[in-house]
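Report on one structure; see the data block that follows.
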Amino acid sequence: MALPLNDPGLLRQALLIDGQWLPADSGETLEVRNPATGALIAHVPKAGAAETRRAIAAAARALPGWRARLAKERSGILRTLYDLMIAHIDDLALIITSEQGKPLAEAKGEILYAASFMAWYSEEACRINGSVIPANLPGRRIPVQKAPVGVFAAITPWNFPAAMMTRKAAPGWAAGCTGVIKPASQTPLTALALGVLAERAGLPPGVCNILTGSASAIGGELTANPEVRKLSFTGSTEIGAVLLAQCAPTIKRTSMELGGNAPFIVFDDADLETAVSAALIAKYRNSGQSCIGANRFLVQAGIHDAFVARLAEETDKLPVGIGTQPGTAIGPLIDAAAVAKVEEHVADAVAQGARIVAGGERHALGGTFFQPTVLRDVPRQARIFSEETFGPVAPVFRFDTEAEAIAMAN
Ligand code: NAP
């Protein structure tokens, strides 16, 4: 079950509440499995509302002390956390690859990106300046002073388990807020490892609390509890809508990063090779499970056939495999439901007249591996045109004029 980490202390299977590493009250746990192999990696506590209330209370107790620290002190701690993340990049990347599936090189890239939020906000922590606004009456001044909003809650998805946590927590901690973080149940180990490093960096107890467990019970308390003043969520549009409604009675500030359907547009005058290499990154990073990943390829008629041919050729060359194997470009999808959705989108497009020019099926490796796929002649009625696929499928749509491309994109 153990991962071969240089620093085994980074693998935590406990809740972090008020500086204590704890089991769930019920003693129940959730399994964490490697999506590439199905192997059991760890168990994490299945916390519910009671543990969440205690974590929120700990964050509220830690708030006055953390808020009162000098900006320079908060800045220094975040900078130390950045340094620790870089020092432990190999272990953190291995944890991500093991629980999430992305190739190790991508996982390291994610740690660099995740750590960059610590570096950036450690600098911004020292620049939380106020301002003076010209008043609407003579002899008056309007001073603006920035203050931490209070306890924040962060609910993060499984596709970027490190970066989505640090992108939420770093600005909160820099501003003097304390928080409760709930990582996705499929990828909790990355967040817990970052919790270990946050402690080592010197974040006081209660400033960083991390809960694993029942999403609805933890989310219900985080959204209902009046001590929580801000919720930052990244995940599906459906759950985002639920959380917004749950936050309404206590009028919390919210930041919602939800689903999308990004278009990738290629005009006739594009450099073909540049367009194809950019398309490969935009589509297949994290096996297509990226919120900013291109979901639709809109290609102008003059370059259409050449683009499709080159994209299919390069797609066929992408090595699919376990993320820890050197050279792997495409890892598994996160779970069986993700594969089913990809299959449904491909089948629906084909039923409506699309042609498969690369991939199109589950990969011979089995499990949740899916072949990187290119579809052409996809009609606009196909579900893939308007729904997020979140998998390694590139559907190509033809257009003639710029106005048509913009209308399709929007
Ligand atoms: P999800 O089901 O909405 O899950 C996201 C997080 O919400 C997880 O931590 C999940 O916990 C939690 N959650 C689920 N139900 C909840 C509830 N009732 N109350 C409180 N929390 C709840 O989304 P996903 O399928 O994991 O993530 C993929 C989606 O995220 C895609 O649509 C993608 O576009 C979007 N995304 C967007 C961005 C962006 O920046 N815009 C970035 C990444 C992902 P459990 O895991 O325990 O269920």
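The values are calculated or read from the model by the stated rules, or taken from the named source; none is laboratory data. These figures come from a predicted structure and were not determined experimentally. Counting neighbours? That spans all protein chains shown, and the Cβs are built from the backbone with ideal geometry, glycine included. Heavy atoms of the whole protein, side chains included, go into the accessibility calculation; ligands, DNA and RNA do not. Shrake-Rupley method; radii C 1.70, N 1.55, O 1.52, S 1.80 Å.
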**OP:** Filter the range 185-202 down to the residues that are open to solvent by 10 Å² or more (accessible area, probe 1.4 Å) and touching a strand residue (DSSP E or B) at 6+ places or on another chain (Cβ under 9 Å), then identify the one that is farthest from the ligand (Cβ to nearest atom).
**Re:** E199
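List the helices (runs of 4 or more DSSP H) inside the range 214-313, counting only whole elements, that have at least 3 residues being without any contact (Cβ under 8 Å) to a residue 24 or more places away in the chain.
The qualifying helices (runs of 4 or more DSSP H) are 237-247, 272-284.
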**OP:** Would you be able to say whether some residue in the range 12-32 is farther than 22 Å from G219 by Cα, modelled with pLDDT of 95 or more and surrounded by 21 or more Cβ atoms within 10 Å (Cβ to Cβ)?
**Re:** no
Original post:
How many residues are touching a strand residue (DSSP E or B) at 6+ places or on another chain (Cβ under 8 Å) and on the phi > 0 side of the Ramachandran plot if we restrict to the range 346-369?
Top reply: 2
**OP:** Considering only the range 233-251, state which residues are touching a Ser or Thr at 6+ places or on another chain (Cβ under 8 Å) and open to solvent by less than 20 Å² (accessible area, probe 1.4 Å).
**Re:** F233, T234, L243, C247
Subject >> Single condition D348 does not satisfy, out of (1) charged (D, E, K, R); (2) under 19 Å from P35 (Cβ atoms); (3) open to solvent by less than 50 Å² (accessible area, probe 1.4 Å) >> reply: (2)
Original post:
Where residues in the range 203-224 are more than 13 Å from L243 (Cβ to Cβ) and within 13 Å of the ligand (Cβ to nearest atom), which of them is surrounded by the fewest Cβ atoms within 10 Å (Cβ to Cβ)?
Top reply: A217
Subject >> Options T178, T237: the member that is within 16 Å of the ligand (Cβ to nearest atom) and among the β-branched types (V, I, T) >> reply: T237
Original post:
Can we say I133 is touching a residue at least 24 places away in the same chain (Cβ under 8 Å) and either within 20 Å of C208 (Cα to Cα) or open to solvent by 10 Å² or more (accessible area, probe 1.4 Å) (or both)?
Top reply: no
Original post:
Pick from A163, A169, A154: which is within 11 Å of the ligand (Cβ to nearest atom), open to solvent by less than 10 Å² (accessible area, probe 1.4 Å) and without any contact (Cβ under 8 Å) to a residue 60 or more places away in the chain?
Top reply: A163
